[in-house]
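Student: Below is a structure I'd like to ask you about.
Taken together, the values in this text are just the output of simple stated rules run on the coordinates, not laboratory data. Model, not experiment: these values are computed from the prediction. Cβ: placed from backbone, ideal geometry, glycine included. Neighbour counts: every protein chain shown.
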Amino acid sequence: MTETVQSAAQLDSDRATYDELLALARYRRSVRAIDPHREVPDELVEKVLEVARWAPSAGNGQPWEFLVIRDDDMRRRIAELYAKQMADKREMQEAVWGHRNHIGFTGFRNSPVFVLVLGDPRVIDAYPVRTAIEKGENHFISSLAQATVLAHLAVASLGLGSQWVSDVSSPYMSTMLKSWLGIPRGMKIYDMFGIGYPAVVPEPTSRRALEEIIHRGQYEPGKGRDAAAVERFLWDDTLLGGWGATGAAKARRTQAEA
Ligand SMILES: Cc1cc2nc3c(=O)[nH]c(=O)nc-3n(C[C@H](O)[C@H](O)[C@H](O)COP(=O)(O)O)c2cc1C
């Protein structure tokens with residue numbers, strides 16, 4: 001059963017302002033420290049998913065469905081499954097990058113609610129034939145991402161916190177979760193997020209400067225980053241260097257300054 005939006009006039013009068021949207025976009029963070037003692041009522045989870053379902057999607061295919069998990073035992077099993085997968089992941093990280101920091105954030109385990117984002121790939125048939133053949137999978141995944149990011153924004157707007165747990169889409173975790181939760185094999189497990197009340201305000205985050213990422217009319221070569229700039233960015237601002245906080249990232253900075 002589908003539902004259409006309200007009249008254009010009604011929508012226009014209810015429109016959120018740019019300033020509200022910007023404030024929300026800046027406020028939303030990945031919250032990895034959750035208060036295990038504060039419940040999140042169903043009503044709030046439904047508010048989050050109500051926002052998510054208004055996301056745009058390729059061909060209006062709306063591939064998303066959401067599985068809400070509250071059961072203590074199931075959440076514990078999922079957190080353990082995740083920890084198990086992290087062992088291999090850390091080993092790979094160490095082999096390639098020489099450090100295993102900042103892999104496998106387990107804070108989500110304290111969230112009273114986990115939400116699995118599922119996708120039905122049959123909606124790829126909604127796309128034009130050529131689109132479906134050449135980039136059906138991309139469009140399908142992008143559509144799931146739209147709903148997920150709206151859900152995270154909605155979580156933030158309610159004063160709650162959420163953490164992406166993208167490892168659930170790996171073949172190992174997906175297979176196990178489908179079996180435990182009765183999810184049809186044909187469905188895609190795209191992502192999962194925990195919802196809870198933040199226990200700690202996250203450290204400030206950074207974003208690339210607006211002027212650096214806008215090219216006007218043509219790609220502006222002066223704004224292109226050389227390899228050294230990209231490498232600095234990766235170690236100082238991204239997960240690779242623990243957002244600049246790891247010993248490896250600090251050592252690189254000291255070396256560069258010397
Ligand atoms: C596609 C995608 C996958 C992500 N996967 C994870 C994850 O598995 N675990 C996690 O803790 N954060 C995950 N994140 C969150 C990012 O690390 C985070 O958005 C980024 O570092 C910026 O920080 P912020 O969300 O606090 O602004 C993911 C984000 C996206 C968009």
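Student: Show the residues, 5+ positions off or on another chain, whose built amide H is closer than 5 Å to the amide H of ASP35.
Tutor: Counting only residues 5 or more places away or on other chains, the set is TYR197, ALA199.
Student: Here's a follow-up. Would you mind giving the average projected area, over all directions, of the Cα convex hull of the chain in nm² with one decimal?
Tutor: With the hull built on Cα positions only, its mean projection is 18.0 nm².
Student: Run the numbers on segment 138-258 and let me know its relative contact order in percent, using alpha-carbon pairs under 8 Å that are six or more apart.
Tutor: For segment 138-258, the relative contact order is 17 percent.
Student: Order of ARG53, ARG122 from fewest to most other C-beta atoms within 10 Å? Kindly include the intermediate steps, with their values, before the conclusion.
Tutor: Values: ARG53 15, ARG122 12.
Listed from fewest to most nearby Cβ atoms, that is ARG122, ARG53.
Student: Same structure again: Looking at the square roots a ≥ b ≥ c of the eigenvalues of the Cα gyration tensor of segment 92-168, which shape do they give, rounded for a/c under 1.5, prolate if a/b is larger than b/c, or oblate?
Tutor: In terms of gyration-tensor shape, oblate.
Student: Using Cα-Cα distances under 8 Å and only pairs 6 or more residues apart, what relative contact order does segment 68-219 have, in percent?
Tutor: The value is 30 percent.
Student: Show me the trypsin sites (Lys or Arg not before Pro) within segment 141-199 that DSSP assigns to loop and that have at most 15 other Cβ atoms within 10 Å of their Cβ.
Tutor: Answer by residue number: ARG185.
Student: Where Lys and Arg each count +1 and Asp and Glu each count -1, what net charge lies around GLY98 among other residues with Cβ under 13 Å from its Cβ?
Tutor: Numbers: positive: ARG90, ARG100, ARG252; negative: GLU91, GLU94.
Once positives and negatives cancel, what remains is +1.
Student: Quick one: give the max-minus-min coordinate of the C-alpha atoms of segment 1-149 along each principal axis, largest first, in Å.
Tutor: 53, 43, 32
Student: Please identify every one of the GluC sites (Glu not before Pro) in segment 6-80 that sits in a loop by DSSP and has no more than 14 other beta carbons within 10 Å of its own beta carbon.
Tutor: Answer by residue number: GLU39.
Student: Let me ask something else about it. Please give the net charge around SER157, taking every other residue with its beta carbon less than 13 angstrom from that of SER157, where Lys and Arg add +1 and Asp and Glu add -1.
Tutor: Taking every Cβ under 13 Å from that of SER157, the sum is +2.
Student: Would you work out the relative contact order for the chain, in percent, from Cα pairs under 8 angstrom that are 6 or more residues apart?
Tutor: Once normalised by length, the contact order is 27 percent.
Student: Tally Lys/Arg at +1 and Asp/Glu at -1 over every other residue whose Cβ is under 12 Å from the Cβ of GLU257; what's the total?
Tutor: Combined, the nearby Lys, Arg, Asp and Glu give +4.
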